[in-house]
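Structure, as structure tokens:
The values are calculated or read from the model by the stated rules, or taken from the named source; none is laboratory data. Just so it is clear, the model here is predicted, and its values are computed rather than measured. So basically every Cβ, Gly included, is an ideal-geometry build from the backbone, and we count neighbours across all protein chains shown.
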Amino acid sequence: MSAHKRRFSQSHACTKSLAQEQIFRALENHIESIDHDVCDAGGEDAFFVADLGEVYRQHMRWKVHLPRVEPFYAVKCNRDPKVIQLLAALGTGFDCASKAEINQILDMGVDPSRIIYANPCKTASYVRYAAEKNVQMMTFDNAEELYKVKRHFPNAQLILRIATDDSKALCRLSLKFGAPMDTVLSLLELAKQLELNVIGCSFHVGSGSTDPTAFVTAVRDARTVFDLAAAVGYDMHLLDVGGGYGDDNFEAIAALLGPAINLHFPPSVRVIAEPGRYYVVGAFTLAAHVIARRAVPGDVLNGGKSSYMLYLNDGVYGNFSGILFDHQHPVPKVLKRGDNYCFNAPTKSSSLIRYSIWGPTCDGIDCISASANLPDVLEVGDWLYFTDMGAYNKCSASKFNGFHDEHLVHYIVSEPGAEALLM
Ligand SMILES: *Cc1c(COP(=O)(O)O)cnc(C)c1O
């Protein structure tokens, strides 16, 4: 590791623990503002604390480890307006997949050249909308899409998305998108015949990727696409290395991806990426209230020892939707028990109690955790919190059963640099 990278990671760890103190204070302040005995219906709803400083730190971390690659944030992951505002101020681009996402970014005053319409299977009227708004960059992966673009936006800057080996990713995307390598030549020939403008190649190794070498293989395949394109008469100059970066494996991916890009692509090729999860996962903490409890005496699933079922005021139809759609396993922690806040309380493993944790709707699928061990006997009125709730959660929450899909977000900014940008 270079001295620069090492210094960065040390200061990173230090600011993170300061940030945690600020997050805790925001959680406590909000709960203290609720009078649980007299509040209006929903006054004790679940809520988020979002640390925009964490988004800022992730951006700086990106620039240290992948300096050649321009991030285009994948809006679908979390379209929180403050997150988008900060990223716009930081100068990232944006990956949009629908009219509403394009609209949200343009409304922030972002130039259309900073948007990639990265959905290879687009609605025709949305393609016309992109043309009208001058959002030129868009992906494709099949022949029908080329005819569609020819008809509705013949001057678009097209990027050919190829399939990848995403077998080790949490959420596989190449089952649905990406041209197999053996179709690339015919697609490029068709594009040429239609006199379309193909400027580059993209891929996505799958969201929640666990195999950094998948990036290396995909970069090599993209090189093959560039060479095939040259043979057809295209001078490709954009490589889009997609999303799939995690908070915990980012350095491992960057260590392989950065050199692979430099090995296969000269500096004249512009390189962009579409990170989603990476930017926001750690920035959001969710607090939820224990609305009900049921004792399970002699729980057979707990070796005959008693356990409890806890019911929270948020669940898989709400801000835990990532359990269903994103294979998430949120870990509950005790935030407030009785009158005491327990944010950093040490856990005595000898006194752990087994819980199953449920959401508020009347559906049996609404289970947050089938088995969680917590150090205390929790009661109705206590609060739990969950960290790392920023990606693929609130964006896919629903109003099922009449519960909210919009929850309060308290923002904190644990980095002065980010604060300056948000003013
Ligand atoms: C979802 C998506 C992303 C973001 O993926 P992450 O794994 O969250 O980084 C990027 N690009 C495209 C085309 C996507 O569909």
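Some points to look at:
- Condition met for Asn340 (surrounded by fewer than 24 Cβ atoms within 10 Å (Cβ to Cβ) and either of a type in the set (A, V, I, L, M) or not assigned by the TED database to the domain that holds Ile253 (or both)): yes
- Positions within region 125-135 being surrounded by fewer than 17 Cβ atoms within 10 Å (Cβ to Cβ) and in a helix (DSSP H, G or I), in sequence order: Ser125, Arg128, Glu132
- Subset of region 297-316 [assigned to a loop (DSSP other than H, G, I, E, B) and either at pLDDT 95 or above or not assigned by the TED database to the domain that holds Cys362 (or both)]: Asn313, Asp314, Gly315, Val316
- Test set (1) touching an Asp or Glu at 6+ places or on another chain (Cβ under 9 Å); (2) at pLDDT below 95; (3) not charged (D, E, K, R) - Asn319 fails condition number: (2)
- First in region 49-78 and more than 24 Å from Asn262 (Cα to Cα), second anywhere and among the polar types (S, T, N, Q), Cβ under 6 Å, 6 or more apart: Val49/Thr285; Asp51/Ser414; Gly53/Ser414
- Among the criteria (1) over 20 Å from Tyr278 (Cβ atoms); (2) touching a helix residue (DSSP H, G or I) at 6+ places or on another chain (Cβ under 9 Å); (3) not in a loop (DSSP other than H, G, I, E, B), the one Tyr411 does not fulfil is (1).
- Residue that is touching an Asp or Glu at 6+ places or on another chain (Cβ under 7 Å) and surrounded by fewer than 23 Cβ atoms within 10 Å (Cβ to Cβ), where the choices are Leu185, Leu146, Leu194, Leu173: Leu173
- Qualifying residue in region 289-296 (condition: within 16 Å of the ligand (Cβ to nearest atom), at pLDDT 95 or above and either more than 20 Å from Ala254 (Cβ to Cβ) or not assigned by the TED database to the domain that holds Arg337 (or both)): no
- Residues (assigned to a helix (DSSP H, G or I) and either away from the ligand (no atom under 16 Å from the Cβ) or small (Gly, Ala, Ser) (or both)) located in region 237-267: Ala252, Ala254, Ala255, Leu256, Gly258, Pro259, Ala260, Ile261, Asn262, Leu263, His264
- Filtered residue count, region 240-270, keeping only those that are touching a strand residue (DSSP E or B) at 6+ places or on another chain (Cβ under 7 Å) and either among the acidic types (Asp, Glu) or more than 23 Å from Thr210 (Cβ to Cβ) (or both): 4
- Evaluated against (1) within 30 Å of Arg61 (Cα to Cα); (2) assigned to a strand (DSSP E or B); (3) away from the ligand (no atom under 16 Å from the Cβ), Val271 falls short on exactly one condition, (3).
- Hits in region 48-73 - residues which are among the acidic types (Asp, Glu) and closer than 30 Å to Asn313 by Cβ: Asp51, Glu54
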